[in-house]
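Below is one structure, written out as structure tokens, with a few remarks after it.
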């Protein structure tokens with residue numbers, strides 16, 4: 001009984017993290033900010049939901065499959081986030097003009113139209 | 001016990017709907033790839049939740065397969081955008097770094 005309670009608490013926290021990441025992907029003003037919101041919350045959301053499901057499993061096969069799913073997602077989610085950010089940066093996508101950092105402003109003082117891919 | 005699974009599935013469905021919104025109205029192609037990545041991860045979690053909700057643990061195999069397909073799809077789409085530059089040039093942006101200019 002108490003194991004089920006702990007399980008559903010973990011699943012609830014994981015779903016709340018997922019919804020927070022989804023709100024972040026809608027409301028944040030920049031591609032890199034959206035990538036940060038999703039990439040941070042996604043791994044912990046996966047871990048909490050799969051751990052909460054693993055507490056309810058009644059066979060070792062289901063636990064092994066859940067561990068496989070979690071390990072694969074935990075390895076590939078930061079890798080795909082890094083590949084996405086690296087590809088966007090190498091392609092030339094710059095920060096939004098309203099939230100830029102200072103080194104970008106000193107680097108490109110004259111190219112005011114170089115942020116068209118980031119703002120909307 | 002059933003209502004908790006339904007609430008968790010509804011929360012994941014809301015997150016997937018918001019991801020689809022960002023994938024539809026994303027200004028650059030990287031936003032769309034990011035939204036599709038998040039959609040795939042949430043689909044994996046939703047399939048795992050449904051496997052425990054219905055009691056059929058065989059659906060976890062489909063969940064594992066979907067996570068594999070998600071990662072391969074994201075990397076393939078990124079390779080296409082970075083090397084082929086098919087969809088990335090449709091916004092009139094001419095800022096391409098010199099280190100990626102020798103790619104063809």
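The values are calculated or read from the model by the stated rules, or taken from the named source; none is laboratory data. Given the structure is predicted, the values throughout are model-derived calculations rather than measurements. Here the Cβ is made from the backbone with ideal geometry for all residues, glycine too, and neighbour counts use every protein chain on show.
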**Study point:** Number of the condition not met by residue B:25 [criteria: (1) farther than 22 Å from residue A:25 by Cα; (2) more than 7 Å from chain A (Cβ to nearest Cβ)]
**Key:** (1)
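Quickly run through the range B:1-21 and pick out the residues that are under 13 Å from the mean Cα position of the chain (by Cα) and either more than 7 Å from chain A (Cβ to nearest Cβ) or surrounded by 24 or more Cβ atoms within 10 Å (Cβ to Cβ) (or both).
Across the range B:1-21, the qualifying residues are B:15, B:16, B:17, B:19, B:20.
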Exercise for review: Working carefully through the options A:70, A:47, A:51, find the one that is crowded, with 19+ Cβ neighbours inside 10 Å and either more than 7 Å from every other protein chain (Cβ to nearest Cβ) or over 19 Å from residue B:74 (Cβ atoms) (or both).
Suggested key: A:70
Check your understanding: Do any helices (runs of 4 or more DSSP H) entirely within the range A:27-108 hold 2 or more residues that are within 22 Å of residue B:19 (Cα to Cα) and modelled with pLDDT under 90, and if so, which?
Key -> A:31-55, A:60-91
